[in-house]
Every structure is written in structure tokens, then in C-alpha cells.
Amino acid sequence: MNFTGKYQLQSQDNFEPFMKAIGLSDDLIQKGKDIKSVSEIVQNGKHFKLTITTGSKVIQNEFTLGEECELESMTGEKIKTVVNMEGDNKLVTTIKNVKSVTELNGDTITNTMTLGDIVFKRVSKRI
């Protein structure tokens, strides 16, 4: 399954508690909670290029499945990790103590991030 495409955020659960838990300021949380971010993914075999635009903030990450890479987190920190594919439609990684699972089903991407007992879920549709 190919992840290439542009996806716009449709809904999210537990945004505020999760962002507080990872250390984002209340000011940034309030600014970001209603913005419908757009994610653009370019997949070329095992290589991925990801651009997430949330208002004026842009995060760009590149990785190759199974190889160590440096990803920029939501807090702006650069963190070394490895992204793996489970099945043919799930990207899985752990950044610090956050487990991230990104699953593609048709035109819908569901990203679930878990930190302790907080589960932050974002659902985006292909545009």
C-alpha cells in the first residue's frame, strides 16, 4: 500500500492532555487545537518524506524503513529513532516515551500516539 498523498486533519481525541504531557505550553496548545493540519507524504519504496503544516508551523521529516533516522517532534526536538512497517499499512515508531502508530485504510490515515495512559488519536482524509 502506498502512503503518498495529501491528508487533512478531520478529527482528534485527547489533543490537550497529550500536548500538556509532552510539554507544550498552554498558549501553543490553545493556538493549535482548532487548526486543521495538512500532512503531505511522499513514499518511494522504503523511503518516506513527510511534511506536516499546522498554521505557520511546518515540520519536515525523512526516513527509510528499518534505518535509524532523526525526526523532529511536535516540541521541535530532534530525536533519533527507527520507523518500521507492520503489515503493509502501518508505520510504527517510538519517540522518547511516545509510541506512534500511523495506519492507512483507503483514503483515511489514523495516527495514534500513546504516552503512558494518554492516547492521542488523529484522523485525516486524503484531499
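For the reader, a short list of remarks on this structure follows.
- Beta carbons closer than 7 Å, at least 6 apart along the sequence or on distinct chains, pair a first residue in region 69-90 that is within 20 Å of Val58 (Cβ to Cβ) with a second that is of a type in the set (Phe, Trp, Tyr) and open to solvent by less than 60 Å² (accessible area, probe 1.4 Å) for Cys69/Phe63; Leu71/Phe63; Val83/Phe63.
- Some residue of region 21-40 being farther than 20 Å from Val119 by Cβ and part of a strand (DSSP E or B): yes
- Subset of region 115-127 that is open to solvent by 50 Å² or more (accessible area, probe 1.4 Å) and either among the β-branched types (Val, Ile, Thr) or not in a loop (DSSP other than H, G, I, E, B) (or both) - its residue that is farthest from Val42 (Cα to Cα): Val119
- Subset of region 86-100 that is open to solvent by 80 Å² or more (accessible area, probe 1.4 Å) and at pLDDT below 95 - its residue that is farthest from Thr54 (Cα to Cα): Asp88
- Candidates Lys33, Lys20, Lys57: the one that is basic (Lys, Arg), open to solvent by 50 Å² or more (accessible area, probe 1.4 Å), touching a helix residue (DSSP H, G or I) at 6+ places or on another chain (Cβ under 6 Å) and over 25 Å from Gly106 (Cα atoms) is Lys33.
- For region 71-85, the candidate set comprises residues that are in contact with an Asp or Glu (Cβ under 9 Å, 6 or more places away or on another chain) and loosely packed, with under 13 Cβ neighbours inside 10 Å; within that set, the residue that is nearest to Ala21 (Cα to Cα) is Lys78.
- Any hit, region 67-75, residues being on the phi > 0 side of the Ramachandran plot and outside any helix (DSSP H, G or I): no
- Unique residue being among the charged types (D, E, K, R), farther than 29 Å from Ser25 by Cβ and open to solvent by less than 70 Å² (accessible area, probe 1.4 Å) when the list is Glu103, Glu67: Glu103
- Within the set Phe48, Phe3, Phe63, the sole residue that is out of contact with any Ser or Thr (no Cβ under 6 Å at 6 or more places or on another chain) and not in a strand (DSSP E or B) turns out to be Phe3.
The values are calculated or read from the model by the stated rules, or taken from the named source; none is laboratory data. None of these values were measured; they are calculated from a predicted model. Glycine gets a Cβ as well: all are built from the backbone with ideal geometry, and neighbour counts include every protein chain shown. Side chains are part of the model used for accessible areas, which takes the heavy atoms of the whole protein and leaves out ligands, DNA and RNA. Shrake-Rupley method; radii C 1.70, N 1.55, O 1.52, S 1.80 Å.
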